[in-house]
Amino acid sequence: MPCELIATGHSRLMPPSSPPPLVRPLLARFERRRPIRAGSLIITLYGDAIAPRGGSLWLGSLNGLVEPLGVEPGLVRTAFSRLVSEGWFERNRVRQNSFYRLSSQGAAEFIEAGKHIYAGKDAPWNGRLDVQILTDPEPKKRSAVRDRLARQGYGQLAANVMVRPATRRSPDQRQTATHDTMRLTATAGDPADARRLAETCWRLDHLDAAYDALLDDIAGLARAPQDLARLDDAYAFQVRLLLIHEWRRVVLHDPLLPRAILPVNWPGTEARDAVRLIYRAVTPGCERWLDASAINERGRLPPAGKATARRFSGRP
């Protein structure tokens with residue numbers, strides 16, 4: 001790797017000294033969260049920006065990317081130590097330099113989460129429901145199965161009954177069928193019954209509040225896409241990173257129910273539209289910043305390709 005890239009990579013990542021007013025609400029939202037969970041931010045950064053560009057990043061580049069957000073190098077080192085031990089990341093040393101990439105396990109988990117994070121419009125629904133009845137006699141094992149199904153978008157209808165609308169976005173039936181559940185298919189009744197089912201099985205009131213809070217902080221950004229497109233590239237990168245980080249915190253708790261069974265004026269729809277608009281407006285500047293500043297073992301990162309452009313489009 002050319003020595004001059006290592007020598008200049010960190011300094012080139014520093015943004016202008018004062019963030020523009022348009023960016024401040026999103027920065028303030030991140031700064032309100034204490035203590036900083038550096039590991040979670042690193043996973044967001046890699047999944048959103050680095051994995052599509054080869055997957056590996058020099059530690060010096062990473063420090064330069066997150067230090068302007070108040071994440072100091074010592075905190076990054078501590079976070080990486082834990083993430084590597086937990087199997088999320090792998091480290092590669094080249095002379096005195098450390099490079100990190102998501103492990104196969106970490107990459108697979110983010111790819112699966114990405115289907116949720118970057119989903120497009122609501123999937124069509126014909127009223128069919130997937131029902132999983134927990135059959136293991138041991139309470140601890142039933143609890144583990146319940147947690148696993150909840151991560152797959154199921155809601156709890158009764159102590160040992162989990163339910164989820166069957167849509168094209170749902171995981172393959174073969175992936176959800178296990179020896180410790182009995183899987184059935186049912187059909188919802190009229191729309192009022194379906195909405196009552198949603199209120200019973202999922203804590204939509206908590207999600208409603210989380211989406212409203214997020215919208216409060218990003219509404220100004222969503223109203224100014226042309227101004228976003230003119231942001232300095234460093235701030236375009238910060239906006240996209242923090243946007244997806246905050247969006248991920250909310251949307252991964254959302255079962256992405258069909259609109260037919262959601263409450264009227266569901267804020268999740270408006271939130272996804274706003275995130276999509278902001279994301280697309282800042283992505284060109286974000287990618288330019290990564291082009292100019294981020295380094296892997298071979299030098300500059302390769303381009304992201306078409307996968308990033310398809311995010312939020314509903315296309316695979």
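We did not get these values from a lab; they are worked out from the coordinates using the rules stated. Note that the structure is a prediction, hence the values are computed from the model and not measured. Glycine gets a Cβ as well: all are built from the backbone with ideal geometry, and neighbour counts include every protein chain shown.
Packing, taken as the mean count of other beta carbons within 10 Å per residue, orders the peptides 279-285, 20-26 from highest to lowest as 279-285, 20-26. Treating cross-link reach as a plain straight distance, find the lysines whose alpha-carbon is under 24 Å from the alpha-carbon of residue 141, omitting any fewer than eight places away in the same chain. Reachable lysines: none.
Annotation: peptides 114-122, 99-107, 29-37, ranked by per-residue average of other Cβ atoms within 10 Å with the highest first, follow the order 99-107, 114-122, 29-37.
For the peptides 298-305, 50-57, the ranking by packing is 50-57, 298-305, with the highest mean count of neighbouring Cβ atoms within 10 Å listed first. Only lysines eight or more places from residue 115 in sequence, or on another chain, were considered; those with a Cα closer than 17 Å are 306.
Helical runs assigned H by DSSP (4 residues or longer) give the chain a calculated mean residue ellipticity at 222 nm of -15500 deg cm²/dmol, each run adding -39500 (n - 2.57) before division by the residue total.
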